[in-house]
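Below: the structure, in structure tokens.
Nothing in this text is a laboratory measurement; each read-out follows from the coordinates by a stated rule. As the structure is a prediction and not an experimental result, all values here were calculated from the model. FYI the Cβ positions are ideal-geometry reconstructions off the backbone, even for glycines, and counts take in every protein chain you see.
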Amino acid sequence: MFKIQYKRTGQFDILSQAQFDSFNPSVLDVGDLARDGIISQCVAAIFDLEGFTDFCNQIDPHLVVPEYLRDFLGWLFSSVAKELTHSREGGSIRLWCQLPFFAKFLGDGVLFLWDSSSVPKGDLGSLVVSLYEVCRKYKTDYLPKSSMMFAKIPGRLRCGIARGQVIAIGDGRDYVGACINAAARLQKLSSLSFAFSRRGFDLKSQFNHDWWEEFVLIEAGIRGIGSKELVYVVNDEYATLSPEEKKRLLDG
């Protein structure tokens, strides 16, 4: 955020040279950009609120949007932590998978990053299932409750997941990487609500047998990623797509 108190003289806004020079990349608050980027192996997940733009366009959004976001973000973080929890014993919590080490608000959703180098392969399936449960419970649990407090709220929470390298920017206050871009594309794949890349995930070896029928492997064209990417999607959602929608999905 770049905030300066200007002085108005005639038709001009006036500020000092020091204030003028303060408009530089430091306002991004990402640390020292001259430092070499540190590469990490990560799982990137992006949650996106479908219909958030329409929600923001209602009458007097300033009275509603901040309150909804405060409520939703509190629920989202709590739900991710809850779904990753296996059990509690005394003051200790056993987890299906580690908590994300990074989170970033994206305007209409949230990016989470997990360090996949310290996550056992078997836990990767538990992580995906946990995030799928978060999306499902937005519709079954959160939506009915929040609809009593807010009008026209986003009707669905979508999620895209991908695995790969990320590069820390500055002091690790932000990250870039192809897997983050892939997760962003996957969360808005056709009319589907949940998708994760086949690259780095294997249904049969990393997921409990109970979940093998829940997801189906398809080919999809993903802009900026590839023309025939292998992607897991929710079986029931994919089955409802028309032949035309499936063709568009493949064509990208």
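Structure above, values below:
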quantity	calculated
Between 0 and 90°, nearest 10: helix 65-83 axis offset from the chain longest Cα axis	40 degrees
Max mean-square fluctuation residue, GNM over the chain, Cα-Cα springs under 10 Å, options Val30, Val43, Val231	Val30
Contour minus Cα-Cα distance for Phe105 and Thr85 (0.36 nm per residue)	4.9 nm
Sites matching GluC sites (Glu not before Pro) across region 113-218 that sit in DSSP coil, with at most 14 neighbouring C-beta atoms within 10 Å	Glu213
Amide H contacts of Gly155 (H built 1.01 Å from N, under 5 Å, at least 5 apart or other chain)	none
Difference of contour (0.36 nm per residue) and Cα-Cα distance, His209 to Met149	17.7 nm
Of Asp174, Asp21, Asp29, the one that fluctuates the most in a GNM where the chain has Cα springs shorter than 10 Å	Asp21
Max mean-square fluctuation residue, GNM over the chain, Cα-Cα springs under 10 Å, options Pro100, Pro25, Pro66	Pro25
Crossing angle, helix 121-137 versus the chain [Cα axis fit, 0-90 degrees, rounded to tens]	70 degrees
Equivalent-ellipsoid semi-axes of region 37-251, from the Cα gyration tensor, Å, largest first	25, 23, 19
Estimated 222 nm signal from helices in the chain, with DSSP H stretches of n ≥ 4 weighted -39500 (n - 2.57), rounded to 500	-8500 deg cm²/dmol
